[in-house]
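Chemist: Have a look at the structure that comes next, please.
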Amino acid sequence: MIAEKEACEKHDDIDAPIAIPYTAISHRIMFRKTSRTPFLFLILALTIGGALRFILLDRLPTAIGNDELQYVLNARSFYQTGTDITGTITVLSPFLFQYPKGANPQAELPYLLLTYLVGPFSLSLFNARILGAILSTLTILLGYLIAKRLFNERVGVIAACTFALNPWFVYIGRTAYEMAPAMFFYLLALYVLLVTKKRWIFLSLPLFLLGFYSYIATKLIFLPLIAITCYYLWNTRHKDKNYYVGLAVAALCITIVTAVMLAYTPSTRVTEILTPFSPQVASDVDGLRKITMHNPLSGLLINKITIYFLQIISKAFAVFSPSYLFLGGDLFLSLFRQGLFYMIDSVFLLLGLIALYRKQPKEFYFVVVLALTGIIPQLLHTQKDNFTPHITMMIPFFLLIIAYGIGSANQSFRKRFQLSPIYSSLLIVILYSLAVANFIVIYFFQFPLGGYFDFPTRVLSRYTTQPESTGKSIVIVSAKKNDLIPEVMFYKNSPAETLKKVYLASKLHGPTQLGSFSFLSCGDFKDTTDTTKIYIIDSICGFKDGSGSALLIPSLRDGGGIYGIYNDSTCSQYNLQRYPQNLTLSLFALEHLSQEQFCNTFITTSS
């Protein structure tokens, strides 16, 4: 009985039972009654989190972004033809830092994952984003496992809930961007390293490499993440010290080899790393010296080293700005009334830091240092403004601290007022329910109207399927012709051979043909007098006068025209509105709308 009492007392205070006698019988009864509870709450967290990531994935976000598009189109080409859409590399080439010709270098692993997940199927918003939704949902389970390992099972269940409901996790889990794979593989590697011993710890290295290849920005934390975790475990598992040193040395060797390869590889993004010798640092130094009178301290205080560190510190303050983290986010998040975390999270983040420092100081320093490591890509990037993808690996560690704060606050509240666990948790559940409800309104009912990810191009692509029965050809005039063509090909589910042919043709001067319609740059367009053709003209090029009044593809936010449609013979037969109205989520399944529904909803008249 004494041994069982000591075993119970080893639990953290958050999990300590209240007023239960330490007898073998009572302990077994308590365990049997509660053993299923964490499992049920974990399943609930996975269910709710999965629903938030998968529901309406075929229509929200309402369109696909350029970086997502590059992954998806190349993945289809890799699967169907063996090479990318430029015909220059294979699916394994990016792992040697060789990227599609003419494209901005991106992460390497998503190409391979999407090749076999998206390649065999049709191009659609749902298929393009299913990988992110799956990995983001599985990350909920990793949050539970890591928190359970570091703290206890109750905090693990709470962590699963914070991971499931977090706005950033939901937002990025509904896209094809690289952050979801990066978070999943790095956290999986971290968990494997935490639970394995001796030579088995090297099983984590391939997983860390998958995280390394998942996102270009988080390559910078590959070595620090491994080194910090090895140091934490090195101080707690003395018998395995040599293995942790070996793993850290292996990570260092991989980093050195990678740095050498990148130094001799053209078309990489190494120049985006901020150093004291970066042009923007030199520019700031020159600017400050021009507005400073000569004095003995100028050379000491205004130089590349001091300005470099001032820029780093300024970025760090911006990252931890409460308005950024809890209220408005940034341009990438695009929600504007919702931060990366809920406002209530700020309270539990503070409480979690205090409670964790008092009760588990080793874990406090470990998790806090990992969170600080997660912002390194933002600090060392030449971009000055906050860019949430660069701090994506900070967010899960903040959520672990928040989970600890919720558990600690709940237990303190229960003890202070002598309440049952259900009643003590009720207030927290209510507060988070209100926060999540507000996020759902913002994301599902306000965000779609912003037209993000170039939604008007999706409307344009849907419109071009309407006039085919009339025999009219279509001319699309745009200032961003080369960006527009891949988007249209995606929405039209073009086969890989067509992708290659049209994509390569789009790089040449003059018109680019795709089936029954062609693309022109603004400078190549003359007028709309040929009534045998339908002209769709980008507002940047200027709407041209033609026969009859133009129809518009409008902005959903304010009704302003994004594209003008001339010589229309399909939508003009309906009683069109002056601006979009009566929009519902079902209408964003554009491909399934009837011609009348589509025209009345997303095409407006200018007169």
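Chemist: Could you give every pair whose Cβ atoms fall below 7 Å, whose first residue belongs to region 438-459 and is farther than 20 Å from residue 603 by Cα, and whose second residue is basic (Lys, Arg) and part of a loop (DSSP other than H, G, I, E, B), counting only separations of at least 6 or pairs across chains?
Modeler: 442/337
Chemist: On to the next question. Somewhere in region 414-430, is a residue surrounded by fewer than 15 Cβ atoms within 10 Å (Cβ to Cβ) and on the phi > 0 side of the Ramachandran plot?
Modeler: yes
Chemist: Which of the residues that make up region 289-304 are open to solvent by less than 100 Å² (accessible area, probe 1.4 Å) and either outside any helix (DSSP H, G or I) or within 17 Å of residue 277 (Cβ to Cβ) (or both)?
Modeler: Within region 289-304, 292, 295, 297, 302, 303, 304 qualify.
Chemist: For region 454-481: of the residues being among the charged types (D, E, K, R) and modelled with pLDDT under 90, which is least open to solvent (accessible area, probe 1.4 Å)?
Modeler: Taking region 454-481 and keeping what is among the charged types (D, E, K, R), we get 454, 458, 462, 468, 472, 480-481.
Still in the list and also modelled with pLDDT under 90: 468, 472, 480-481.
Values: 468: 106, 472: 49, 480: 71, 481: 11 Å².
So the residue we want is 481.
Chemist: Now a separate question. State whether one or more residues within region 327-340 are open to solvent by 30 Å² or more (accessible area, probe 1.4 Å) and part of a helix (DSSP H, G or I).
Modeler: Yes, that holds for at least one residue.
Chemist: On to the next question. Restricting to region 158-210, give me the number of residues that are among the β-branched types (Val, Ile, Thr), touching a residue at least 12 places away in the same chain (Cβ under 8 Å) and surrounded by fewer than 24 Cβ atoms within 10 Å (Cβ to Cβ). Break it down stepwise before answering.
Modeler: Pass one, region 158-210, residues among the β-branched types (Val, Ile, Thr): 158, 162, 170, 172, 175, 192, 195-196, 201.
From the residues that got through so far, the ones that are touching a residue at least 12 places away in the same chain (Cβ under 8 Å) too are 158, 162, 170, 172, 175, 192, 195, 201.
Within this subset, residues satisfying the condition of being surrounded by fewer than 24 Cβ atoms within 10 Å (Cβ to Cβ) are 170, 175, 192, 195, 201.
Count: 5.
Chemist: Also: Out of the residues in region 569-585 that are in contact (Cβ under 8 Å) with a residue 60 or more places away in the chain and open to solvent by 20 Å² or more (accessible area, probe 1.4 Å), which is nearest to residue 602 (Cα to Cα)?
Modeler: Going through the qualifying residues, I end up with 583.
Chemist: If residue 107 meets every condition in (1) touching an Asp or Glu at 6+ places or on another chain (Cβ under 7 Å); (2) within 25 Å of residue 444 (Cβ to Cβ); (3) not in a helix (DSSP H, G or I) apart from one, which number is that one?
Modeler: Only one criterion is unmet by residue 107, namely (2).
Chemist: In region 483-511, which residues are in contact with a Lys or Arg (Cβ under 7 Å, 6 or more places away or on another chain) and not aliphatic (A, V, I, L, M)?
Modeler: 491, 506 - these are the residues of region 483-511 that are in contact with a Lys or Arg (Cβ under 7 Å, 6 or more places away or on another chain) and not aliphatic (A, V, I, L, M).
Chemist: Where residues in region 387-410 are open to solvent by 10 Å² or more (accessible area, probe 1.4 Å) and touching a Ser or Thr at 6+ places or on another chain (Cβ under 8 Å), which of them is farthest from residue 214 (Cα to Cα)?
Modeler: Taking the candidates together, the pick is 410.
Chemist: Would you mention how many residues in region 483-516 are outside any loop (DSSP other than H, G, I, E, B), touching a helix residue (DSSP H, G or I) at 6+ places or on another chain (Cβ under 8 Å) and open to solvent by less than 60 Å² (accessible area, probe 1.4 Å)?
Modeler: The total comes to 17.
Chemist: Then there's this: Considering only region 361-372, I want to know if a residue exists there that is open to solvent by less than 10 Å² (accessible area, probe 1.4 Å), out of contact with any His (no Cβ under 8 Å at 6 or more places or on another chain) and under 15 Å from residue 169 (Cα atoms).
Modeler: no
Chemist: Can you pull out the residues in region 314-326 that are open to solvent by 20 Å² or more (accessible area, probe 1.4 Å) and part of a helix (DSSP H, G or I)?
Modeler: If the condition is that a residue be open to solvent by 20 Å² or more (accessible area, probe 1.4 Å) and part of a helix (DSSP H, G or I), then 314, 316, 317, 318, 322, 323, 326 are the ones that fit.
Chemist: What is the residue count in region 244-266 for residues that are of a type outside the set (A, V, I, L, M), open to solvent by 40 Å² or more (accessible area, probe 1.4 Å) and either more than 20 Å from residue 377 (Cβ to Cβ) or free of Cβ contacts under 8 Å to residues at least 12 places away in the same chain (or both)?
Modeler: The qualifying residues number 3.
Chemist: Go through (1) in contact (Cβ under 8 Å) with a residue 12 or more places away in the chain; (2) assigned to a helix (DSSP H, G or I); (3) out of contact with any Lys or Arg (no Cβ under 9 Å at 6 or more places or on another chain) for residue 426 and report which single condition fails.
Modeler: Result: residue 426 fails condition (1) only.
Chemist: Then there's this: Would you pick out the residues in region 90-121 that are farther than 23 Å from residue 494 by Cα and in contact (Cβ under 8 Å) with a residue 12 or more places away in the chain?
Modeler: Selection gives 92, 94, 95, 96, 97, 98, 105, 107, 108, 109.
The values are calculated or read from the model by the stated rules, or taken from the named source; none is laboratory data. All values reported here derive from a predicted model rather than from experimental measurement. Glycine gets a Cβ as well: all are built from the backbone with ideal geometry, and neighbour counts include every protein chain shown. Please note that ligands, DNA and RNA were not included when accessible areas were found on the heavy atoms of the full protein model with its side chains. Shrake-Rupley method; radii C 1.70, N 1.55, O 1.52, S 1.80 Å.
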